[in-house]
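Q: The structure under discussion is supplied below as structure tokens; questions concerning it will follow.
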Amino acid sequence: MLTEILNLFFFFSALIIGAYLIRHYIFTLTVLRSAKSKPVNAATCKSVYEPSVSILIPAHNEEKVVGRLLQKMTELSYPKDKLEIILINDASTDSTGRIAEDYSNQHKLIKVLHRDKQTGGKGKASALNAALKQAIGEIVLCFDADYLPHSDIIAKIVEKFSDPSVGAVQGRPVVLNEPRNIVTRLITLERIGGYRVDQEARDILGLIPQFGGTVGGFRRSIVSGFGGFDESMLTEDTDLTFQIYLAGYKIRYAGDAECYEEAVDTWKAYWRQRHRWAKGHMQVCFKHEYQVLTSKKLKWKEKIDGLLLLHIYFMPIITFLSFLAGGSLILFGSPVAGALWFVVLVSFYSFVGNYAPFFEIGIGAHLDGRKRVQWLAPLMIFSFLYNVFICTKAFFDLIVGKLLGRSHSDWEKTEHLGNGNCYIEN
Amino acid sequence: MREKVNQVKTINRIATVFSVEIIILCLIASLRFVNIQSTITLIIFNLFFASLFFQLNGSSTTKIGMLTAGNIIGVFWNSFFYYLSLSWIEYFGLSFNAVFTLIYPILNLMWIVPFWSLSLSFLPKMQFPKTA
């Protein structure tokens, strides 16, 4: 009886894992073919579509990085009369507010929204909602405080909004502190797989590119119509992705709209960040799963991709359980389909945030003109195993939180130190 | 000049035919001297490698050379662990066979993943390199 249950579980879980592998193989092939047909050094953006834009920058104790971001904001090439920048100093206890005020005094387009411990400090979604009420731009862009955009990024993102069916646009984050250590290098690989291949392929194939909450924007009218961001969600960006699609709009990916980010550089910080992402993603999965399945506004391919995207943070758990089930069956002498066993083990060489396997990472790095970073691909197995624990804990925390009626209402943020300059200063 | 170009083309063709022969020999050797799993692994590796790697920029000679190298490494790797497992089965008994089945894909991924990562470095850079 136990053997039959194990066999059944192993068979179905391996099939699901196989479906993800096929999905990423298709993504990789799609991007390869697209790269071959694209002209090298494509011309810079020449769009004439220039709507009014509000940039929201939520900041909670970001004194080490907020100054350099505001400096970059003053250097943006977008027409200044159509631009407003709102920095939300959300219950900071350091000098974030003072630095922002200094910039605001020097540059008219920068506004500072101060929130004290009574009105603010309730998390990123809450801070964004407060700023959204003050924003007047037709398009609202969001940047985290540790990001460093190129001067022409606004035009590249906004260009996609010329299509009225587009509800949000996502740009591409590039890791700034890549050479720092093995953690930042592995995150670089993950980002390459996630953005250079995954997001781009989803955009080309008309699936669901994900809005990442930073280096991207949305139509203010749409999100205001939703009543702003859902403050009960830990990953309000993923929640917004599905709200936009369920409302009948789509999200586009602007791969040439690059912005540098500071990746976490310790395993402890990595755990905290990924735990929040995993828990938030699972929250969104429980919230939207049924709606995605039954929605009449989504095409069948969007439904499939949406469901695979929603369940991505469950996959490390399923993969590991599948490994245990398959391993037990083999050790107890029960036959296991060799091909399925191979599929399960291949997925150990995947990154968790996007479930991108090693071959996708390699192609992404190569398309980015990288020569050596993909040599770290064999280490992906350790990152995956680490994520098995992260996602399992996130799942149990979510379930326990639901049972006990706990809800999050504070900042679960990553500390930014202003480290790294591999593209900017070197 | 034209004669030289033709000579290079001929050499490339001979190299390609030679490489294909080696790949076929590797597949036969894996089936004859190792086991069916190793042959299937090599076939999957060839299909996967050819479908992705051959779409990248770079000379076809380099690509087929890498594919051939992959097959040679695969045969040696598989035969080494196969004969090692046979000796261990002799020592520990038949129960070790299950352990070998368990770790067999991991052992193969231990050469496939690094080989894939390294082989990409032998091709010329593609477009869109990151610059500030």
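None of the figures in this text is laboratory data; all of them are computed from the coordinates on show. In this text the structure is predicted, and so the values were computed from the model without any measurement. Here Cβ is always computed from backbone atoms with ideal geometry, including for glycine, and neighbour counts include all displayed protein chains.
Q: Mind pulling the angle between the C-alpha long axis of helix A:236-246 and the longest principal axis of chain A? Nearest 10 degrees, somewhere in 0 to 90.
A: Tilt relative to chain A: about 80 degrees.
Q: In debye to the nearest 20, how big a dipole does the range A:56-197 give about its Cα centre with +1 on each Lys and Arg Cβ and -1 on each Asp and Glu Cβ? Each step should come with its number before you reach the end.
A: Details: 20 positive and 18 negative charges, 40 e Å.
I would put it at about 200 debye.
Q: Please work out, to two decimal places, the log10 of the ratio I(q)/I(0) at q = 0.21 Å⁻¹ from a Debye calculation in which every Cα of the range A:110-162 carries one identical scatterer.
A: Treating every Cα as an identical point scatterer, log10 I(q)/I(0) equals -0.96.
Q: Oh, and also: Report the one residue of B:L52, A:C285, B:V8 whose Cα lies farthest in the direction of the positive end of the charge dipole of the protein assembly as shown (charges on C-beta: Lys and Arg +1, Asp and Glu -1; origin at the Cα centre).
A: Most positive-ward Cα: B:V8.
Q: Nearest 20 debye, what's the magnitude of the dipole of the protein assembly as shown about its Cα centre given +1 on Lys and Arg Cβ and -1 on Asp and Glu Cβ? It would help to have the intermediate numbers written out before the result.
A: On the way: 56 positive and 46 negative charges, 221 e Å.
That gives the protein assembly as shown a dipole magnitude of about 1060 debye.
Q: Continuing with the same structure: Might you report the magnitude of the Cβ-based charge dipole of the range A:186-304 about its Cα centre, with Lys and Arg at +1 and Asp and Glu at -1, to the nearest 20 debye? Provide the component values of the computation, followed by the final result.
A: Values: 18 positive and 16 negative charges, 103 e Å.
For this selection, approximately 500 debye.
Q: Continuing with the same structure: Going by alpha carbons, how many degrees (0 to 90, nearest 10) lie between the helix axis of A:358-367 and the longest principal axis of chain A?
A: Tilt of helix A:358-367: around 40 degrees.
Q: Straight distance only, please: which aspartates and glutamates reach the Cα of A:K296 with their own Cα at less than 20 Å, same-chain residues fewer than 8 apart left out?
A: Within reach: A:D239, A:D305.
Q: Which listed residue (A:A14, A:F351, A:A263) has the Cα farthest towards the positive end of the charge dipole for the protein assembly as shown, taking +1 on Lys and Arg C-beta and -1 on Asp and Glu C-beta about the Cα centre?
A: The Cα lying farthest towards the positive end belongs to A:A14.
Q: Relative to the longest principal Cα axis of chain A, at what angle does helix A:315-331 sit, 0 to 90 degrees, rounded to 10?
A: 10 degrees
Q: Given H placed on each backbone N at 1.01 Å, which residues far from A:V174 in sequence or on other chains put an amide H within less than 5 Å of it?
A: Placed amide hydrogens put A:C259, A:Y260, A:E261 under 5 Å from A:V174.
Q: Could I ask something else about it? With helices defined as uninterrupted DSSP H runs, which ones in chain B have an alpha carbon span along their own long axis of at least 18 Å and mean Kyte-Doolittle hydropathy of at least 1.6?
A: Flagged H segments are B:36-53.
Q: Can you tell me what share of the DSSP beta bridges in the protein assembly as shown is antiparallel? A percent to the nearest 5 is fine. Let's see the in-between values first.
A: Working: 10 of 35 bridges.
Antiparallel bridges make up about 30 percent of those DSSP assigns within the protein assembly as shown.
Q: Continuing with this model, one more query. Calculate for chain A the 222 nm mean residue ellipticity that helices alone would give, adding -39,500 (n - 2.57) per DSSP H run of length 4 or more and normalising by residue count, nearest 500 deg cm²/dmol.
A: Details: 15 runs with 206 residues, N = 426.
Calculated mean residue ellipticity at 222 nm is -15500 deg cm²/dmol.
Q: Among the lysines, which have Cα under 17 Å from the Cα of A:K122 when same-chain residues fewer than 8 positions away are ignored?
A: A:K133, A:K413
Q: Going through the cross-link list A:K108/A:K287; A:K82/A:K279; A:K124/A:K268; A:K250/A:K287, which pairs have a Cα-Cα distance over 30 Å in this structure?
A: A:K108/A:K287; A:K82/A:K279
Q: Taking the Cβ-Cβ separation of A:R33 and A:Y290 as r and a Förster radius of 35 Å, what is the calculated FRET efficiency to the nearest 0.05? Could the numbers behind the result be given before it?
A: Details: r = 35 Å, r/R0 = 1.00.
Given R0 = 35 Å and the Cβ-Cβ separation, E is 0.50.
Q: I'd like to know which of A:L207, A:V53, A:V373 lies farthest towards the positive end of the charge dipole of chain A, counting +1 on Cβ of Lys and Arg and -1 on Cβ of Asp and Glu.
A: A:L207
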